[in-house]
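Novice: What follows is a structure written as C-alpha cells; I'll ask about it next.
Bear in mind these aren't lab numbers, they're just calculated from the coordinates by the rules spelled out. All figures in this text were calculated on a predicted structure; none of them were measured in a lab. Reconstructed Cβ throughout: ideal geometry from the backbone, glycine too, with neighbour counts over all protein chains shown.
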Amino acid sequence: MKPEQKTKTIFSVAGGKGGVGKSIFSVALGVKLARDGNSVALVDLDLGAANLHTCLGIIKKTPTIADFILKKVPSLEDILLETSQENMKAISGAEFVAGMANPAHWMKLKIMRHVKALPVDYIIIDLGAGVHFNTLDFFGMSDRGIVVTAPEPGAVMNAYSFIKGALFRRLQSVFKKHPEIAPVIDTETKRTDGDKRFTLEWLTVRIKELAPDMLPLIREIERDFCPALVVNRMPEGQRHVLVRNLISLCKERLGLTVEHAGNLPDIPEITGYLLKIPGFLNTRTGKPYLASIEKIADKLITHSESETEKQKTGTDFSDEQIEKIIDFMEGLDNGVFKGSNKSTWKLRMYFKPSEVVDFLINRGLTHEAFYKK
Ligand SMILES: Nc1ncnc2c1ncn2[C@@H]1O[C@H](COP(=O)(O)OP(=O)(O)O)[C@@H](O)[C@H]1O
Ligand SMILES: [Mg+2]
C-alpha cells in the first residue's frame, strides 16, 4: 500500500482475564507492523495495572498517560516515547493514581480523540483485565477489538463475559436516548437467567416492532461489531474445543460473529525476555511466536482494509460539537432526510459523527460546529 493511501487503524487488545499475554501480544503486533514499514504507536490504557512499558524495557521514570489526564501536558503526542524498535513509539500507562483508574466519560472521549489524532499508521491500545466500563468503552471506540485468551476454562469464560459486556455497552451507548429501545436493552443487561433470550436477532425483531426506523442502526452494529480472537499458549497443532465453544456461544447466545484470528505458541523461555520483547522476537525461541504474529497481523489487516472501504471514519468531534449538531438537526425540516429518518441520523451522531456531517453537507447544509476542532 502506498503511504498516501493508508488509513489509520486503531486496534485495541483486551481479554477479560489478567496475565493471558495481552501486553506481550500488543508489543509483538506493533513490532511486526513497524518492521513492515508502518509507523506505530502503542498506547497503554490499562488504567489500573499498566505493564506495557516493562515489556519494552522502559523502567526508568518517564512521562505517562497520567501526565495527560492530570493536564501536565496538553497533548498525547507530548508523551510519545521512543522504543528499541524503529518506527514504533509508546505511551506508558500510569502507576496507580487515586481516582484515575475511573476517568469521567468526557475524559475517556478526550483520550480517544487524542489517540485518534496520533500521527501514525497503526495504533495498538493495550487494555486492562476485567469488564470495567472504561475498558469496554475504549474497546468499543476502536476500529477493531482483539480479545486474547488462554485455552483454559476460566480464561475462555472471562473472554465470553468480556465480549458480552462490550456488546451491551455498545448497544446502551447507541440507544441511550431512545425512549422505547433503551429500557429493553436495560432489562436484558440485568437478566441473570443465563441470557437465554437475548441475541442481536432477537433485539432486531423487538426493534422492528417498537421503532422500525431504528433498524439501520442495529444493522450497523451487527456489521461492525466483530471482535477478533487470539488464543495464546496454545498447544501445537490443536484447535482447542473450548475455543470452538466460545465462538459458537457468541453466535448462539449473542448473535455475534467472532473471527478466530489465530493462535500463539507457548514458549517458556519468554520469561527470560520480559523486559525486551522486541529483542525476544529476534531470538531462535522467539521465531515461532513471531511467525504466528505475522499470520495474525495479516488477517487483522485484511479485515480492517475491507472495513475502511465500507465506512469513512474521518475527523472526530467533541461532545459539545455533537450536541450542537443534534440541536441543529432537530430544527431541520423532515424533507431534508427524505428516504431516511431524522431520529436515526440524530442517534448516529453519537457514534459516527463524520458520516452524519458528510450527509448534511451533501444536502447543502452547513453549521460552524461541522468544522470547529
Ligand atoms: N506465549 C507465551 N508463552 C509462555 N508464556 C507466556 C506467553 N505469553 C505470556 N506469557 C506469560 O504470561 C505473563 C503475562 O503476560 P502479559 O502479556 O503481561 O499478560 P497481560 O498483559 O494479559 O496481563 C508473562 O509474564 C509471561 O510469563
Ligand atoms: Mg498487560
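Novice: If R₀ is 41 angstrom, what is the calculated FRET efficiency for the pair GLU82 and THR302, using the beta carbon separation as r and rounding to 0.05? Before the final figure, lay out the partial values.
Specialist: Values: r = 30 Å, r/R0 = 0.73.
Once the sixth-power term is evaluated, E becomes 0.85.
Novice: Could you check which residue among LYS89, LYS276, LYS295 shows the biggest mean-square fluctuation in a GNM of the chain with a 10 Å Cα cutoff?
Specialist: Looking only at LYS89, LYS276, LYS295, the biggest GNM fluctuation is shown by LYS295.
Novice: May I ask you to list the aspartates and glutamates whose Cα is less than 19 Å away from that of LYS22, ignoring any residue fewer than eight positions away on the same chain?
Specialist: Here the aspartates and glutamates satisfying the reach criterion relative to LYS22 are ASP44, ASP46, GLU95, ASP126, ASP137, ASP143, GLU152, GLU259, ASP266, GLU269, GLU294, ASP298.
Novice: Would you tally the net charge around ASN282, using a Cβ to Cβ cut-off of less than 14 Å, leaving ASN282 out, and scoring K and R as +1, D and E as -1? Can you show the working numbers first?
Specialist: Working: positive: LYS32, ARG35, LYS276, ARG284, LYS287; negative: GLU86, GLU269, GLU294.
Here the count lands on +2.
Novice: Here's something else I'd like to know. For the range 3-310, give the share of DSSP beta bridges that are antiparallel, in percent and rounded to the nearest 5; count only bridges with both residues there.
Specialist: Values: 2 of 30 bridges.
Taking every DSSP beta bridge with both residues in the range 3-310, the antiparallel ones total about 5 percent.
Novice: Report the net charge of residues surrounding ASP327, where surrounding means a beta-carbon distance below 14 angstrom and charges are Lys +1, Arg +1, Asp -1, Glu -1. Please list the in-between numbers first.
Specialist: On the way: positive: LYS177, LYS324, LYS342, LYS346; negative: ASP319, GLU320, GLU323, GLU330, GLU368.
Here the count lands on -1.
Novice: With an 8 Å cut-off on Cα pairs and a minimum separation of 6 or more residues, tell me the relative contact order of the range 164-292 in percent.
Specialist: On the way: 113 pairs, mean separation 27.9, N = 129.
With pairs under 8 Å counted, the relative contact order is 22 percent.
Novice: Can you give the angle from 0 to 90° between the axis of helix 153-174 and the longest principal axis of the chain, with both taken from C-alpha atoms, to the nearest 10?
Specialist: 30
Novice: Right, another one. Any of LYS276/LYS299; LYS60/LYS276; LYS190/LYS352; LYS8/LYS176; LYS8/LYS89 with alpha carbons more than 20 Å apart? Name them for me. Write out the running numbers ahead of the final one.
Specialist: Numbers: LYS276/LYS299 26 Å; LYS60/LYS276 14 Å; LYS190/LYS352 27 Å; LYS8/LYS176 28 Å; LYS8/LYS89 15 Å.
Distance filter (> 20 Å) returns LYS276/LYS299; LYS190/LYS352; LYS8/LYS176.
Novice: Among PRO265, PRO179, PRO216, which one shows the biggest mean-square fluctuation in a GNM of the chain, springs joining Cα atoms closer than 10 Å?
Specialist: Most flexible of the set in this elastic network: PRO179.
Novice: One quarter of the convex hull surface, Cα atoms only: what value does that give for the range 319-370 in nm²? It would help to have the intermediate numbers written out before the result.
Specialist: Numbers: hull surface 12.6 nm².
With every direction weighted equally, the projected area is 3.1 nm².
Novice: For the range 1-140, rounded, prolate or oblate, judged on the Cα gyration tensor with a ≥ b ≥ c (square roots of eigenvalues), a/c < 1.5 rounded, else prolate if a/b > b/c?
Specialist: Values: a/c = 1.41, a/b = 1.34, b/c = 1.06.
Because its axes are fairly even, with a/c under 1.5, the range 1-140 counts as rounded.
Novice: In the neighborhood of GLU152, defined by Cβ-to-Cβ distances under 10 Å, what is the net charge if each Lys or Arg adds +1 and each Asp or Glu adds -1?
Specialist: On the way: positive: LYS17, ARG233; negative: none.
Net charge around GLU152: +2.
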